[in-house]
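The values are calculated or read from the model by the stated rules, or taken from the named source; none is laboratory data. All of these numbers come straight from a predicted model, not from anything done at the bench. Side chains included, ligands, DNA and RNA excluded: accessible areas come from the protein's heavy atoms. Shrake-Rupley method; radii C 1.70, N 1.55, O 1.52, S 1.80 Å.
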Amino acid sequence: NNFDACSNNCTENECELLLYKSDNKDPVEPGDNLTYYLIIENNGTMDCTGTGVKIKDYYDHDTEYESSSEPYDDLTNDYIRWILGTLTPGQRIEIELDMVVSEEVDCGEILVNKAKFWSRETGWGNYVIEKTLVECPPECGDSHVDPGEECDDGNDIDDDGCSNDCETNECDLK
């Protein structure tokens, strides 16, 4: 007979961390404020420890750090790291990370923000990734009829058939 060390009623004690990530808007425009929401929770049956549970969040080079709801341990041009201490079973921590989208970001670009966690019991977890589309507002006078425009003749002159706010107008062209 093969016997294990547990009876049928035994539950294995383990640290089980889950990390969730979302943002407050998608798409964004150049210059917009963008908030990422990170939620980490211990779904296991024992503490997650080590030198403290850590989250490392890597942000896109077209965004700039503004603030976060939790004090950070390390901040660079590429990432921010929080050391959160011990997470007990069922404990959940929420972090808001406020960023600013660069004015120079290209329209149509996808901003990529990724985060992962660490504890002594789990090591580094897999990346959780949030992608955000950059869209630029329609620009009257760019010779493209964008959504919300009736016309766009490539200039911002009134009374030439297409007004400076890209709506058709009556004009007397002789």
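Remark: the range 32-46, residue by residue, has Karplus-estimated 3J(HN,Hα) of 5, 7, 9, 10, 9, 10, 10, 10, 10, 9, 9, 8, x, 10, 9 Hz, where x stands for each Gly or Pro and the curve is 6.51 cos²θ - 1.76 cosθ + 1.60 at θ = phi - 60°. Partner lysines whose Cα lies under 29 Å from the Cα of residue 131, excluding those fewer than 8 positions away in the same chain, are identified as 21, 25, 54, 56, 114, 116.
Across the range 75-91, coupling constants 3J(HN,Hα) worked out from phi with the 6.51/-1.76/1.60 Karplus curve, θ = phi - 60°, read 9, 10, 6, 10, 8, 10, 10, 10, 10, 9, x, 6, 10, 7, x, x, 6 Hz, and Gly and Pro carry x.
Between the range 38-97 and the range 129-172, the C-alpha centres lie 43 angstrom from each other.
State the percentage of accessible surface on the chain attributable to carbon and sulfur atoms; use a 1.4 Å probe and exclude ligands, DNA and RNA. So the carbon and sulfur contribution to the accessible surface is 42 percent.
The length gained on full extension between residue 35 and residue 155, counted as 0.36 nm times the residue separation minus their Cα-Cα distance, comes to 39.6 nm. Karplus-based coupling profile of the range 93-107, in residue order and whole Hz: 10, 10, 10, 9, 10, 9, 10, 10, 6, 4, 5, 8, 5, 6, 4, with θ = phi - 60° in 6.51 cos²θ - 1.76 cosθ + 1.60 and x standing for Gly or Pro.
If you count only protein heavy atoms with a 1.4 Å probe, what accessible area per residue comes out for the range 67-112, rounded to a whole Å²?
Values: 2570 Å² over 46 residues.
Normalised by residue count, the accessible surface of the range 67-112 is 56 Å².
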